[in-house]
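**Q** Structure below; questions to follow.
The values are calculated or read from the model by the stated rules, or taken from the named source; none is laboratory data. This one's a predicted model, so the numbers in the text were calculated from it and none came from an experiment. Quick reminder, even Gly has a Cβ in these numbers, built from the backbone with ideal geometry, and neighbours come from all protein chains shown. Only protein heavy atoms, including side chains, enter the accessible area calculation; ligands, DNA and RNA are left aside. Shrake-Rupley method; radii C 1.70, N 1.55, O 1.52, S 1.80 Å.
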Amino acid sequence: MRRAAAAAAPGGGDRGIGLIGILLSLALLIVLAYRGLNVIVLAPIMASIAVIFAGAPILATYTQVFMPAMGNVVVSFFPLFMLGALFGKVMSDSGAALRIAEWVVRRVGGGKAILAVVLA
């Protein structure tokens, strides 16, 4: 009965394949973002990989699920993003970021870069 319900569900098929798609797309997102690719470009591509593995309709998933959710995140966190960018620009232009970094490196030492970044 459970198997018949899963097959009858929209996009339904094997849930294990959908989970593999999610894990694969997440792993690829992490690796490619770590290598310097833009996450804003990667996110829709990796979402499409997960959708393909799930067997769901691609265009409907983008227009009815992904884009509204992405829009909600941008609207909810826009003030945080904007203020963070302004703070970073002020710190950079004033030279404060460089002074803080130099002070931390003098105290911790140049060989402990990870600790210096965490403390800064």
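**Q** Pop the C-beta distance of Phe78 and Lys112 into the FRET formula with R0 = 35 Å and round what comes out to the nearest 0.05.
**A** 0.45
**Q** Is the stretch 71-120 best put as rounded, prolate or oblate by its Cα gyration tensor, with a ≥ b ≥ c the root eigenvalues, rounded for a/c under 1.5, and otherwise prolate when a/b is larger than b/c, oblate when not?
**A** Because a/c hits 1.5 or more and a/b fails to exceed b/c, the stretch 71-120 counts as oblate.
**Q** Along the charge dipole of the chain, pointing to its positive end and built from +1/-1 on Cβ of Lys, Arg, Asp and Glu, which listed residue (Ala56, Leu83, Asn72) has its Cα farthest out?
**A** Leu83
**Q** Of the labelled options (1) 153; (2) 108; (3) 97, which one gives volume of the Cα convex hull per residue in Å³ as computed for this structure?
**A** For volume of the Cα convex hull per residue in Å³, the calculated option is (1).
**Q** Let me ask something else. When the helices in the chain are scored as -39500 (n - 2.57) per DSSP H run of 4 or longer and the sum is shared across all residues, what 222 nm value do you end up with, to the nearest 500 deg cm²/dmol?
**A** -25500 deg cm²/dmol, from helical runs alone.
**Q** Any idea what angle helix 39-54 forms with the longest principal axis of the chain, computed on alpha-carbon atoms, 0 to 90 degrees, nearest 10?
**A** 20
**Q** Expressed as a whole number of Å, what is the distance separating the alpha-carbon centroids of the stretch 11-59 and the stretch 78-120?
**A** If you average the Cα positions of each part, the centres end up 33 Å apart.
**Q** Next question, about the same structure. When only DSSP loop residues count, what trypsin sites (Lys or Arg not before Pro) in the stretch 68-120 have their Cβ near at most 16 other Cβ atoms within 10 Å?
**A** Those that pass, being in a loop and sparsely packed, are Lys112.
**Q** What number comes out for accessible area per residue over the chain if the probe is 1.4 Å? Units Å², please.
**A** Per residue, the chain has 78 Å² of solvent-accessible surface.
**Q** Which angle between 0 and 90 degrees, to the nearest 10, do you get for helix 15-34 versus the longest principal axis of the chain when only C-alpha atoms count?
**A** 20
**Q** Hey, another quick one. Once both axes come from the Cα atoms, what is the angle between helix 67-94 and the longest principal axis of the chain, in degrees from 0 to 90, rounded to 10?
**A** Result, in degrees: 10.
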